[in-house]
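First the structure, in the form of structure tokens, and then the observations on it.
The values are calculated or read from the model by the stated rules, or taken from the named source; none is laboratory data. The structure displayed is predicted, hence computed values, not measured ones. Counting neighbours? That spans all protein chains shown, and the Cβs are built from the backbone with ideal geometry, glycine included.
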Amino acid sequence: MVNIRSLQEYLHAHIPLSMAMGVKVVEASIDGVKLSAPLSPNINHRETVFGGSAAAVAILSAWSLLYLRLKNENINSRIVIQRSTMTYEFPITDMFTASSEVPDPSNWFKFLTTFRRKHRARMKVNSILHCNNKKVGEFEGDFVALGTQTA
């Protein structure tokens, strides 16, 4: 069981932007991570969420999922984003969430096998953004985990 508070404290301490954006951990487990962020610190000139803020929360959700899964496997690594795509479907006008779920189990096992053999591995993780119970965007990113020998 993951302590939501400890993940939030970790994010705020190690990724200070998350605190400035008002990011809160809503759910956190090795099966999925859900983060929320308010409108006010992320607002743009159109009184909606700035696209960069939405992308940052989506990345944080996906990154956190990999972080928790690797921690669960007792693997110390550095996780970096290599590539990302963000699709915005509707303006975000209020508090919003970003949810990442467990990647395909077969891809996860391939990722672990590759990491253990080469001390680095790449994984695709998606995150879905919601505002007022409506899907407003989707993120897809390739993350690379680097072992302490290669980081």
Subject >> Residue under evaluation Ile81, criteria (1) assigned to a loop (DSSP other than H, G, I, E, B); (2) under 17 Å from Arg120 (Cβ atoms), criterion not met >> reply: (1)
Original post:
Does Ala28 fit the bill of being at pLDDT 95 or above, under 16 Å from the mean Cα position of the chain (by Cα) and assigned to a helix (DSSP H, G or I)?
Top reply: no
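For (1) surrounded by fewer than 21 Cβ atoms within 10 Å (Cβ to Cβ); (2) hydroxyl-bearing (Ser, Thr, Tyr); (3) farther than 20 Å from Asn132 by Cβ, each residue gets a yes or a no:
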{"site": "Leu11", "(1), (2), (3)": "no, no, yes"}
{"site": "Gly22", "(1), (2), (3)": "yes, no, no"}
{"site": "Asn42", "(1), (2), (3)": "no, no, no"}
{"site": "Val49", "(1), (2), (3)": "no, no, no"}
{"site": "Gly52", "(1), (2), (3)": "yes, no, yes"}
{"site": "Ala62", "(1), (2), (3)": "no, no, yes"}
{"site": "Leu66", "(1), (2), (3)": "no, no, yes"}
{"site": "Ile79", "(1), (2), (3)": "yes, no, yes"}
{"site": "Thr85", "(1), (2), (3)": "yes, yes, yes"}
Subject >> Out of Phe139, Phe109, Phe90, sole residue that is surrounded by 14 or more Cβ atoms within 10 Å (Cβ to Cβ), of a type in the set (Phe, Trp, Tyr) and out of contact with any Asp or Glu (no Cβ under 9 Å at 6 or more places or on another chain) >> reply: Phe139
**OP:** Restricting attention to the stretch 116-128, report how many residues are over 11 Å from the mean Cα position of the chain (by Cα) and within 21 Å of Ser84 (Cα to Cα).
**Re:** 5
Subject >> Unmet requirement for Met95, which otherwise passes all of (1) in contact with a Cys (Cβ under 9 Å, 6 or more places away or on another chain); (2) among the aliphatic types (A, V, I, L, M); (3) under 23 Å from Val2 (Cα atoms) >> reply: (3)
